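Here's the structure we're looking at; comments come further down.
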Amino acid sequence: MGEDSLSGSTRLLRAGRPHVGWVNTPVTRASTYVFESVSHWRQTRTVREEQRVASYGARGTDSTFALEDALVELEGGHRAQLFPTGQAAIANVMLGLLQPGDHVLVTDAVYEPVRRFCAKHLARLGINVEFYMPDGSDLAARLRPETKLIYAECPGSLVFEMIDLPAVAELARRCGCLLAVDNTWGSGLLYRPLSLGADISVLAATKYLSGHADVMMGALVTNERAWKAVHLASVDFGQTVGADDAYLVLRGLRSLAPRMAMHERHAMLVAQWLEQQPQVTRVICPALPNHPGHELWRRDFHGTNGLLSVEFRSEYAQADVEAAVDRLRLFGVGASWGGFESLVVPTDMAKARTISDWSQRGRVVRLHIGLENPEDLIADLRQAFRSLEA
Ligand SMILES: *Cc1c(COP(=O)(O)O)cnc(C)c1O
């Protein structure tokens with residue numbers, strides 16, 4: 001039976017490990033590698049940009065190579081590169097591919113710290129950043145001859161806007177620019193941007209891949225076209241990860257499929273309950289039929305995760321909503337998501353988007369539905385929402 005005929009969840013359990021030997025690649029904590037001879041040392045240095053060989057800890061160890069192999073398998077890419085955070089991976093995409101005078105189109109649905117990175121650092125380097133609508137409707141009109149990169153995130157952060165990625169990929173190909181997609185939401189299991197025509201898939205492994213809220217990591221998985229520039233930039237910027245962290249992410253990844261299925265099941269139960277609450281205008285999740293991107297989600301995704309956002313009736317002020325959030329006992333108030341635990345965070349959508357208009361909408365709170373019993377989560381939400389009834 002060929003590996004290609006296996007299902008995604010089976011491949012996830014086999015990826016990045018040998019058929020014979022230790023089931024898990026031993027943790028290789030390393031900086032220096034000692035060579036047999038000067039010629040061996042020299043020969044390694046000539047091939048290490050192209051081939052994966054042991055040469056120096058920063059260039060990778062058995063532990064990081066095993067995780068990279070698993071991510072390549074997951075995303076269907078050519079090669080993968082690890083970074084200490086998801087944000088570092090994103091910065092590496094931008095700085096590795098763009099030069100002064102270049103133009104980059106960034107989705108208005110982007111993860112907020114990327115917006116600040118663009119404003120502070122790309123602007124300083126003379127790289128022109130322009131935002132486009134989360135649904136991509138104005139993308140073609142915004143392309144310029146000097147556009148080198150389209151940066152997407154699908155679904156978008158906080159309210160999960162969808163984009164027709166194959167159509168964007170076609171546009172990018174026609175204009176000769178690269179397409180990078182933040183795939184943290186789909187984490188390679190629910191969405192595979194490279195198979196839809198993207199050049200680079202960005203992963204915050206901090207989230208679902210690790211799954212246990214105990215490690216920070218980012219990764220880029222690229223096709224052959226984008227690999228060299230991205231990889232060489234990561235070497236020049238000194239980006240690497242430790243073997244223990246790589247081990248933790250690979251360990252987390254083995255249970256990604258069953259965890260994700262459980263997050264999905266729990267999130268859908270909580271969403272059904274939320275939709276019936278009088279305080280709620282809308283439950284926002286692309287898996288729900290009233291989401292504007294639902295059809296794209298059905299076409300391009302293999303499921304949903306534990307994320308839901310709740311838009312409250314517009315008569316509630318931010319302070320009312322935050323008081324309800326403070327009453328929650330099972331949802332921790334905290335950034336990030338993708339761990340086993342439930343989380344909640346209030347958002348400021350008017351600030352999180354610059355060209356999409358959220359001024360007429362209600363307050364939005366983002367939930368991450370964890371692996372706790374969903375009945376307990378619903379009971380917690382019910383008691384917290386009581387403060388909004390008056
Ligand atoms: C969390 C997140 C990141 C950044 O990951 P870190 O590891 O926290 O730096 C990037 N993109 C998205 C969509 C995220 O949710």
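The values are calculated or read from the model by the stated rules, or taken from the named source; none is laboratory data. These numbers were taken from a predicted model, which means no experiment stands behind them. All Cβ positions, even for glycine, are placed from backbone atoms using ideal geometry, and neighbour counts span all protein chains on display. Remember, those area values only see protein heavy atoms, side chains included, never the ligands or the DNA or RNA. Shrake-Rupley method; radii C 1.70, N 1.55, O 1.52, S 1.80 Å.
Show me the ranking of peptides 353-361, 234-242 by mean Cβ neighbours inside 10 Å, starting with the highest. Mind showing how you got there, number by number?
On the way: 353-361: 13.0, 234-242: 17.0.
Order by mean packing, descending: 234-242, 353-361.
In segment 155-208, if every C-alpha pair distance is counted and binned at 5 Å from zero, what percent goes to each bin? Calculated over all Cα pairs of segment 155-208, the distribution is 5, 21, 30, 25, 13, 6, 1 percent. Note on GLU112 and ASP326: the model spin-label points, each 7 Å out from Cα along the C-beta direction, lie 1.9 nm apart. Candidates HIS291, ALA335, VAL280 compared by Cα position along the dipole of segment 256-389: farthest toward the positive end lies HIS291, with charges placed on Cβ.
Peptide packing: for 82-94, 201-213, the average count of neighbouring Cβ atoms within 10 Å per residue gives the ranking 201-213, 82-94, highest mean first.
If you average over every viewing direction, what projected area does the convex hull of the Cα atoms of segment 256-389 give, in nm²?
Numbers: hull surface 32.5 nm².
Taking a quarter of the hull surface, the average projection is 8.1 nm².
Below 30 Å, Cα to Cα, which lysines can LYS351 reach? Residues fewer than 8 away in the same chain don't count. Within the straight-line limit of under 30 Å, LYS351 reaches these lysines: LYS120, LYS148, LYS207.
Which FRET efficiency, nearest 0.05, do THR10 and LEU269 yield, Cβ-Cβ r, R0 35 Å? Walk me through the numbers on the way to the answer.
Numbers: r = 27 Å, r/R0 = 0.78.
Efficiency for this residue pair is about 0.80.
Accessible surface for segment 256-389, divided over its residues, is 46 Å² per residue with a 1.4 Å probe.
In a solvent-free Debye calculation with one equal scatterer on each Cα, what is log10 I(q)/I(0) for the chain at q = 0.12 Å⁻¹, listed in the order of the q values? One equal scatterer on each Cα of the chain leads to -0.94. Ligands, DNA and RNA left out, the 1.4 Å accessible surface of the chain is 52% carbon and sulfur atoms. Between ARG42 and GLN318, residue separation times 0.36 nm minus the direct Cα-Cα distance comes to 93.1 nm.
Given R0 = 41 Å, the distance between the Cβ atoms of ARG361 and ARG173 translates into a calculated FRET efficiency of 0.70. In this calculation the C-beta distance from GLN51 to VAL333 is compared with R0 = 41 Å, giving a FRET efficiency of 0.30.
Working note: Cα gyration tensor of segment 40-170, eigenvalues times five, square-rooted, sorted largest first, giving semi-axes of 32, 18, 14 Å. How large is log10 of I(q)/I(0) for segment 197-255 at q = 0.15 Å⁻¹ when the intensity is taken from the Debye formula with one equal scatterer per alpha-carbon? Cα-only, vacuum Debye calculation for segment 197-255: -0.50. Counting every Cα pair in segment 94-204, what percent are over 21 Å apart? Distances greater than 21 Å cover 28 percent of the Cα pairs.
Calculated [222 nm] ellipticity per residue, helices only, for the chain: -10500 deg cm²/dmol; basis is -39500 (n - 2.57) per DSSP H run with n ≥ 4, divided by all residues, nearest 500.
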